[in-house]
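Visitor: Sharing a structure, written as structure tokens. Questions coming.
The values are calculated or read from the model by the stated rules, or taken from the named source; none is laboratory data. All of these numbers come straight from a predicted model, not from anything done at the bench. Neighbour counts run over all protein chains shown; Cβ positions are idealised from the backbone, glycine included.
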């Protein structure tokens, strides 16, 4: 039942008036509920509110500000608005607020719902749509302009160039769609794991070879480090990190790849020698379409999907991924797989 200092009997006992089914329901409701007297003092709080605001029932009644430490909640109550939202300063959360009349004259029930995550998801959805439109607009516009040029019956030497441009832009759109489909499959749990036993140094060597001869790659992998996990998926994750390092490294600079057992994990790192990433971007670089430098040409910087896919793949493999600035400059990305993937050589 909702804690109520006006209840009969022991003041620290829940409200136990006969037929108080309403109080019983509120006590364990998945929403915070505070009971206010006519002077806006808190005289009762259900379980969710007591946990969230760390309320000691023995200290009730008390002022709303004293109980919640949030003046913005008090302002909503003072103005009498029945529905509102408030940004909590002390707890850095956003709550939806609703006021309703209580069972006794002059009392009011204050309901609070934490909507922080809902707002974050809404923001992510809006950004995703805006970024997707941005990424598709350029190749679609290019396709249209090129097709219109072909309608003008250009000379033969230009027709081939226009046709190659159409193929290139269509491939770009197709790549975006394929990456989005893969992300969707992973998030829906449709990506299965097919574990095999293999030498990690061989996988690293193959991934480095795919980059070609135009880039120097220094790698240090513990010899005989045999692991058991999904080889193609790990190869894709590592390949994405290597591609990312190439895109953001100055020409003629080297990339470092290391793989060792550290503590209870197998840790793979890829370091570039680019300008690095400011710490405020470190957690967001793994979001879809997120780009640290939006002025960078899309051909040079990719679509902002590679790191998002890599993060999901690593999660599916039971590992974790993060990034930080390298001590000697540049940025380093880490993949850590659980120690269970280790296999005796």
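Visitor: I'd like the full set of residues that are on the phi > 0 side of the Ramachandran plot and either under 25 Å from the mean Cα position of the chain (by Cα) or modelled with pLDDT under 90 (or both), limited to the stretch 63-115.
Guide: Within the stretch 63-115, 80, 92, 106 meet the criteria.
Visitor: Something else about it: Between 95, 89, which is under 26 Å from residue 38 (Cα atoms) and surrounded by 15 or more Cβ atoms within 10 Å (Cβ to Cβ)?
Guide: 95
Visitor: Enumerate the pairs (first residue in the stretch 158-177 and at pLDDT 85 or above; second residue anywhere and not in a helix (DSSP H, G or I)) with beta-carbon separation below 9 Å, excluding pairs fewer than 6 apart on the same chain, so at least 6 apart or on different chains.
Guide: Within 9 Å, the pairs are 159/153; 161/154; 162/154.
Visitor: Looking at the stretch 94-143 only, could you name the residues that are over 30 Å from residue 169 (Cα atoms) and touching a helix residue (DSSP H, G or I) at 6+ places or on another chain (Cβ under 6 Å)?
Guide: Looking only at the stretch 94-143, we keep the residues that are over 30 Å from residue 169 (Cα atoms), and these are 94-122.
94, 97, listed by residue number.
Visitor: Now, a different point. I'd like the full set of residues that are part of a helix (DSSP H, G or I) and exposed (fewer than 14 other Cβ atoms within 10 Å of the Cβ), limited to the stretch 148-157. Before you say what the answer is, go through the steps one by one.
Guide: Of the residues in the stretch 148-157, the ones part of a helix (DSSP H, G or I) are 148-151, 156-157.
Of everything in the stretch 148-157, those that are part of a helix (DSSP H, G or I) and exposed (fewer than 14 other Cβ atoms within 10 Å of the Cβ) turn out to be 148, 151, 156, 157.
Visitor: Further question: Counting just the residues of the stretch 54-86 that are touching a residue at least 12 places away in the same chain (Cβ under 8 Å) and assigned to a loop (DSSP other than H, G, I, E, B), which one comes out surrounded by the fewest Cβ atoms within 10 Å (Cβ to Cβ)?
Guide: 80
Visitor: Continuing with this model, one more query. Please tell me if residue 121 is closer than 30 Å to residue 290 by Cβ and either out of contact with any strand residue (DSSP E or B) (no Cβ under 9 Å at 6 or more places or on another chain) or touching a residue at least 12 places away in the same chain (Cβ under 8 Å) (or both).
Guide: yes
Visitor: Just checking, does the stretch 116-135 include any residue being part of a strand (DSSP E or B) and either loosely packed, with under 15 Cβ neighbours inside 10 Å or at negative phi (or both)?
Guide: No - not one qualifying residue is present in the stretch 116-135.
Visitor: Would you say residue 223 is surrounded by fewer than 18 Cβ atoms within 10 Å (Cβ to Cβ), touching a helix residue (DSSP H, G or I) at 6+ places or on another chain (Cβ under 9 Å) and either at pLDDT 90 or above or over 24 Å from residue 197 (Cα atoms) (or both)?
Guide: Numbers: surrounded by fewer than 18 Cβ atoms within 10 Å (Cβ to Cβ): yes; touching a helix residue (DSSP H, G or I) at 6+ places or on another chain (Cβ under 9 Å): yes; either at pLDDT 90 or above or over 24 Å from residue 197 (Cα atoms) (or both): no.
No.
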